[in-house]
Structures are given as structure tokens and as C-alpha cells.
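Inspection log for the structure reproduced underneath, given as C-alpha cells.
The values are calculated or read from the model by the stated rules, or taken from the named source; none is laboratory data. Everything quoted here is computed from the prediction, not taken from an experiment. Here the Cβ is made from the backbone with ideal geometry for all residues, glycine too, and neighbour counts use every protein chain on show.
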Amino acid sequence: MTTLDAQATVKVSQLQKSFGAIPAVTDVSFEVYPGEVFGLLGPNGAGKTTSIRMMLDIFKPDFGQIAIFGGAMDEAKKNRIGYMPEERGLYRDLRLEPTLVYLATLKGMSELAAKARVAQWLQRLDLYEHRHKRIQELSKGMQQKAQLIATLAHEPDLLVVDEPFSGLDPLNTRLVKQIIQEQADVGKTVIMSTHQMYQVEAMCNRIVLIDRGHSVLYGRVDEIKRRFAGHAVNVTGSGDFAHIPGVLEARPPGENGAWHLALQPGAEPHELLRMLACRSDIIIDRFEIAEASLDDIFITIVQQPRGEAGDA
């Protein structure tokens, strides 16, 4: 369970980082607490990975403050962190089990303890019979699960997982979700970066959205969705709802038979209804304001001009 009254596991404030003349991160701030799965979101190139690497002391910030477990990063704290990057980082020519054991020992575990823990995770993730294979012989999904074991084997207190469901089938996606939630349930801190907004809605209580190097949205998912109520509508009827002025995205009817229309910033549902009612090529059977999904909110924010996105 999230404990926001506890000391933050991660606290970053006003981070800035440029590479030469190119700014990668301009102003990023957020806090993450024990027992929560925290969503770190943003479009490609927004500054998420650079922020993670500064947080983990891989990059040094040009400006800003970072506190991990209540203070500055050191080698002992690094051993309490598990990092699963989006790019698979395992040695492809080496065999699976000894590679995972070796990586766990680099985080301070004894070889005996590492072997026992790795064996448990191999069994849990259905990789035990493949433990003697070279990593390059494993499927993409198997390599993803192996990367997760490398992240978890040393029992970290802070997990940073970047696109943890990449390459996984639905069964293994469900298993990995369960494992991530189990870590949070026992008080570990989990930071999850993914483009799968439905997974964020299912797993995260709080998020930060980074766009063009700025933190542009930060807080509880339910509160953010309430703030964006009215930015989407559900419409049942006949006609072409895919090309409507003022609509950012139109999703075809799902199980409820309704089109889901995400509105552009400034577009009002009543104005959309008036326009649709005046069109002879469209018949409306039902029109209702929908709860904005994180997909809707993501699209709305990242397509705004810079000044408006910053104000969000």
C-alpha cells in the first residue's frame, strides 16, 4: 500500500540536462514513495530516459536536486536498486543462469544466495528448463523475462522498469503485472515507464507526464481524470465520426457500440453536439460525456503548444 506520509524513496526537483546545445530535460520534478507503482510517462524524446539516468547517477544533472532513500546516491544505495532498461542489456553469447547469478553478485549477493534466488525466479517465470541456453537462443519474450529476473534477483527496494511488458504474450503480461504489484504490496517502490496507458490505469495510483523536457502533469490518476472530464465523449449512431472538426482521435465502436471521441483543447462537448446535429450525413442515437482515459489525456497534453502544455 502506498504510504505518502513516509519519506520519499525518490525525490527529484527542477532537473535540467543538456547535451551540447540540445536540451534533453528542462524542468522535471516528482516524488515517489514506498509501496506505490508510479507511472513515468511521456512521448518518445520527451526526456524520460534521461531523467531516469540522472536519477540513477548514470548522468549528472546540469541543475537540480536528486535524493534517493533520503539523500545523495552512493554505492550502497545502488545495490538497493533494480533497473530494467527498455533496451535488453544481457550478454547474448553467455548462458542464462550463470549470467543472472553473476549480475546478482555484482549487487552484493553471495554466489550461493544468488544461485538460490535466481533458480526461484527461473521457475516462477517458466525459464528453468532453458537455464543452460545462451541468451541469444531465447525468444524475445523469454529475454524480457530474463531481464526482469536480473532486475529482481538481488531483492531491491527500488525498481525502475522501462517498458516491462514489451514482447510478452497476454499470459506472461499478466504474470509480470502480478509480480510488479507484489513488489509494491510488500513496500517496495516501483517506477514504471510505458506507453501502454491501459496498464498505467490498471496499476498506477500516481503519475508524472514529461513532455519536451518538462513535467507537465503530476498527481493521482483519479484526480487527473476528473480534471479532464469533458475532454471526451461517447457517441452512438450512424455516419462518419472519424473525421470531425474539433476531434483529436476517434476510436471505432467497441463492445458498447459507441464511438469514443477525444476532443481537441478548447473544444466543448455541447458545441460538438450542436455541430453533429446539424449534419445530414450523421444520425445520433446517444451522446454522452465520457470519462477521459489516460490515452485521451496523453494525446491532449502532448499535442498542445508548448506554453499551454506547461500550464497543464
Filtering segment 1-48 down to residues that are surrounded by fewer than 21 Cβ atoms within 10 Å (Cβ to Cβ) and of a type in the set (Ser, Thr, Tyr) yields Thr2, Thr3, Ser13, Ser18, Thr26, Ser29, Tyr33
Counting residues that are free of Cβ contacts under 8 Å to residues at least 24 places away in the same chain, which strands (runs of 3 or more DSSP E) fully inside segment 1-87 reach at least 2?
-> 22-32
What tally of residues in segment 272-300 results from selecting those that are under 30 Å from Val221 (Cα atoms), at pLDDT 85 or above and charged (D, E, K, R)?
-> 3
Residues satisfying the stated conditions in segment 211-242, i.e. touching a residue at least 60 places away in the same chain (Cβ under 8 Å), assigned to a strand (DSSP E or B) and surrounded by fewer than 18 Cβ atoms within 10 Å (Cβ to Cβ) = Tyr218
Residue list for segment 8-49, restricted to those being β-branched (Val, Ile, Thr) and closer than 21 Å to Gln196 by Cβ = Val32, Val37, Thr49
Specify the residue that is nearest to Met109 (Cα to Cα); the eligible residues are those in segment 157-172 that are in a loop (DSSP other than H, G, I, E, B) and without any contact (Cβ under 8 Å) to a residue 40 or more places away in the chain.
-> Phe165
Residues being in a helix (DSSP H, G or I), loosely packed, with under 14 Cβ neighbours inside 10 Å and within 26 Å of the chain's Cα centre (by Cα): count how many of those fall in segment 121-156.
-> 1
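Let's see how each residue does on (1) among the acidic types (Asp, Glu); (2) under 24 Å from Gly219 (Cα atoms); (3) assigned by TED's automatic domain parsing to the domain that holds Ser215; (4) in contact with a helix residue (DSSP H, G or I) (Cβ under 8 Å, 6 or more places away or on another chain):
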| residue | (1), (2), (3), (4) |
| --- | --- |
| Asp57 | yes, no, yes, yes |
| Pro61 | no, yes, yes, yes |
| Asp74 | yes, no, yes, no |
| Lys77 | no, no, yes, no |
| Gly89 | no, no, yes, yes |
| Arg95 | no, no, yes, yes |
| Leu106 | no, no, yes, no |
Would you check if Ala250 is free of Cβ contacts under 8 Å to residues at least 40 places away in the same chain and surrounded by 13 or more Cβ atoms within 10 Å (Cβ to Cβ)?
-> yes
From (1) assigned to a helix (DSSP H, G or I); (2) within 29 Å of Gly45 (Cα to Cα), pick out the condition that doesn't hold for Arg274.
-> (2)
Identify the residue in segment 100-120 that is crowded, with 20+ Cβ neighbours inside 10 Å and β-branched (Val, Ile, Thr) and, among all such residues, is nearest to Gln183 (Cα to Cα).
-> Val118
Is it the case that Leu175 is assigned by TED's automatic domain parsing to the domain that holds Ala24, assigned to a helix (DSSP H, G or I) and in contact with an Asp or Glu (Cβ under 9 Å, 6 or more places away or on another chain)?
-> yes
